[in-house]
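Scroll down for the structure; my scribbles are underneath it.
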Amino acid sequence: TDPALIRNFCIIAHIDHGKSTLADRMLQITGVVDARQMRAQYLDRMDIERERGITIKSQAVRLPWTAPDGQIHILNMIDTPGHVDFTYEVSRSLAACEGAILLVDAAQGIEAQTLANLYLALENDLQIIPVLNKIDLPAAQPEKYAAELAHIIGCDPEDVLKVSGKTGVGVPELLDECVRLVPPPIGVKDAPARAMIFDSVYDSYRGVVTYVRVVDGDLKKRERIQMMSTGVTHELLEIGVISPEPKPSDGLSVGEVGYIITGVKDVRQSRVGDTITSLHNGATEALGGYKDPKPMVFSGLYPLDGSDYPELRDALDKLQLNDAALVYEPETSVALGFGFRCGFLGLLHLEIVRERLEREFNLELISTAPSVVYRVVMEDGTEHTVTNPSEFPGGKIAEVHEPVVRATILAPSEYIGTIMELCQTRRGVQIGMDYLSEDRVELRYTLPLAEIVFDFFDALKSKTRGYASLDYETTGEQQSALVKVDILLQGEAVDAFSAIVHKDKAYNYGVEMTKKLRELIPRQQFEVPIQAAVGARVIARENIRAIRKDVLAKCYGGDISRKRKLLEKQKEGKKRMKMVGRVEVPQEAFIAALSTD
Ligand code: GTP
């Protein structure tokens, strides 16, 4: 295709502002999917993916569109993953485009992810097309929010398009605007091939399907290609475009977007952000931007039943085929036995992985409290990287550094006070505040990542009756007065309960944890003291009193079946217990260690 007729764009939006619905409408209006085949969220349908034996999740779809000048243009709509944890992948998808539709719900207005995505799009020099969606809603306030949007991006409120992804109103005009406003790709046709990977998906039938945007030159079927970050070479077994199903072709040239298949089985061999070139007469300089994903949050994953350890290892191996950002290594815990220390991009990523392990692989897991990565500098100058609180070094510590994030919070202005208070209790430092309109503000804070990883978002939502939205990005690290608090059962530290907290919060943490554990751990045959300690200093203590009577004593001389039932019941209860030393600790106790309320 002549690059002058190509337009590459993405849709960026806050969650639920209607991205998928609008994409559906575009598929239908361009005739790529006919009314009979059409179903809601066409591009998201997993069962379709299975039927076709290939993942067609909405990474990139090619839409033919006849512009008002009568010429048929090729619109490539590129999907962006929607969450803070995957910012790097979002930025790679954006780098594959020249334009972005900034979609805002006309009944909600701008939210935190609207802004975060807008900033990313501007960093990538994209042409922004501001669009209000859901104008069919009775609650829509298009004039008000058009002004808000125009204010943010510095355009005229008149230039904000108004559409309904649901009814299709305004969508053909939006496609025309994409042709008019999004610049066509510029690349050098005769230069050595350079294509950027913006997504990579593992498919059990076909291996890894890699989505690329060709920047210079062209890639041809059957040629040998090279990954520029690693130098590894592959044969291009298949190359093509998606419209909306994969259509193999002979190649992809300047400015085009499509997929390639090389037969590799592991997404880590075809990584987002990497540059592909031809093996013969290849390019020498990669396109900018390749970064190894860096895990920010670590947690120990242990099978509830120790004999499931090999299954857990296999499951992690399989998940990693499809998730280049997941890292793990074996770990042993005195309390929990054999498991894995796993690193994640963020909390959502952790939750997704744990849920997949439990659902797809039928594993019952205990996960330890998530921890960020601490850098501990000792007085003798040696340094430790700590991802597990129980490995926090003793001895003479000079400095402890922790990661910090820059957070953006959007909320109605009546909640300013509440939000400031919350951020303060989480050691936040305010760096800015702006009014988006009379009644909505944007607050900017730096916060320690450790303070937001558990429940910050939940707390924010409940304190603002659901009206606040949050986005954050990691920005570096800061030195802080942090200490390790150990929890001891019968005088023995339980490694899975250790936590690193600010020294001003250590006492409170100790008191709360010991109280909580006293309630959660059932009474045993003997007394169990629970202590919290910083180093050798005990800062809190509770006692679990011993049980007086044997449960079976009740059944003494009674009928045997009742006795057996009782034993069965006890066994059921035990399954969810972990022996820590001589003490039985229920799974809830390990989970409760996570929640801070
Ligand atoms: P995520 O994929 O979860 O980020 O959401 P999304 O942004 O893709 O939003 P989605 O298309 O799933 O739409 C969210 C909700 O808004 C759904 O219930 C849609 O039916 C509804 N919706 C989307 N577009 C419109 C619209 O134009 N009008 C109305 N009335 N509802 C809409």
Q | Accessible area per residue in Å² at 1.4 Å probe, computed on the chain | A | 46 Å²
Q. Carbon and sulfur atoms: what percent of the 1.4 Å accessible area of the range 389-507 do they account for?
A. 47 percent
Q. Among the listed pairs Lys294/Lys461; Lys463/Lys516; Lys166/Lys247; Lys461/Lys505; Lys247/Lys291, which are separated by more than 26 Å between their Cα atoms?
A. Lys294/Lys461; Lys166/Lys247; Lys247/Lys291
Q.
Taking all protein chains in place and a 1.4 Å probe, what share, in percent, of the accessible surface of the range 227-286 do carbon and sulfur account for?
A. 47 percent
Q: Under 1.5 on a/c is rounded, so check that first for the chain, then, if it is not, pick prolate when a/b is larger than b/c and oblate when it is not; a ≥ b ≥ c are the square roots of the alpha carbon gyration tensor eigenvalues.
A: prolate
Q) Once phi is turned into θ = phi - 60°, what whole-Hz ³J(HN,Hα) does the Karplus curve with 6.51, -1.76 and 1.60 give for every residue of the range 396-407, x standing for Gly and Pro? A) 8, 9, 8, 9, 10, 10, 10, x, 10, 10, 9, 10
Q. When the dipole is taken about the Cα centre of the range 414-554, and only Lys, Arg (+1) and Asp, Glu (-1) are charged at their Cβ, what size is it in debye, to the nearest 20?
A. 980 debye
Q. Where Lys and Arg each count +1 and Asp and Glu each count -1, what net charge lies around Thr30 among other residues with Cβ under 13 Å from its Cβ?
A. 0
Q: Would you compute, from DSSP H runs of 4+ residues alone, the mean residue ellipticity of the chain at 222 nm, taking -39500 (n - 2.57) per run and dividing by the full residue count, rounded to the nearest 500?
A: -7500 deg cm²/dmol
Q. Using modelled amide H (1.01 Å from N, peptide plane; none on Pro or chain starts), what sits under 5 Å from the amide H of Tyr328, excluding residues fewer than 5 places away?
A. Gly343
Q) Under 5 Å between amide H atoms, partner at least 5 residues away or on a different chain: which partners does Val160 have, H built in plane at 1.01 Å? A) none
Q.
Let me check something: with ligands and nucleic acids excluded, how do Ser243, Ser20 order by accessible area (1.4 Å probe), largest to smallest?
A. Ser20, Ser243
Q. Just the Cα atoms of the range 240-316, one point each, no solvent: what log10 I(q)/I(0) does Debye give at q = 0.18, 0.25 Å⁻¹?
A. -0.97, -1.37
Q. Rounded if a/c is under 1.5, else prolate if a/b beats b/c, else oblate: with a ≥ b ≥ c from the C-alpha gyration tensor eigenvalues square-rooted, which is the range 159-303?
A. oblate
Q) When the solvent-accessible surface of protein heavy atoms is calculated with a 1.4 angstrom probe, in what order do Tyr467, Tyr472, Tyr445, Tyr119 fall, highest first? A) Tyr467, Tyr119, Tyr472, Tyr445
Q. What shape does the range 298-411 have by the C-alpha gyration tensor, where a ≥ b ≥ c are the square roots of the eigenvalues, rounded means a/c under 1.5, and otherwise prolate means a/b greater than b/c and oblate the rest?
A. oblate
Q: Roll a 1.4 angstrom probe over the protein heavy atoms and tell me the percent of accessible area of the range 153-192 that is carbon or sulfur.
A: 56 percent
(Q) So, taking all protein chains as they sit and a 1.4 Å probe, how much accessible area belongs to Val334, in Å² rounded to tens? (A) 140 Å²
Q | Local net charge near Asp176, Cβ-Cβ under 12 Å (Lys/Arg +1, Asp/Glu -1) | A | -1
Q: Using a cut-off of 14 Å between beta-carbons, work out the net charge of the residues near Ala147 (Lys and Arg +1, Asp and Glu -1, Ala147 not included).
A: -4
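The values are calculated or read from the model by the stated rules, or taken from the named source; none is laboratory data. Note that the coordinates shown come from a computational prediction; the quantities given were computed from them, not determined experimentally. Neighbour counts are summed over all protein chains in view; Cβ atoms, including those assigned to glycine, are modelled from backbone coordinates with ideal geometry. Please note that ligands, DNA and RNA were not included when accessible areas were found on the heavy atoms of the full protein model with its side chains. Shrake-Rupley method; radii C 1.70, N 1.55, O 1.52, S 1.80 Å.
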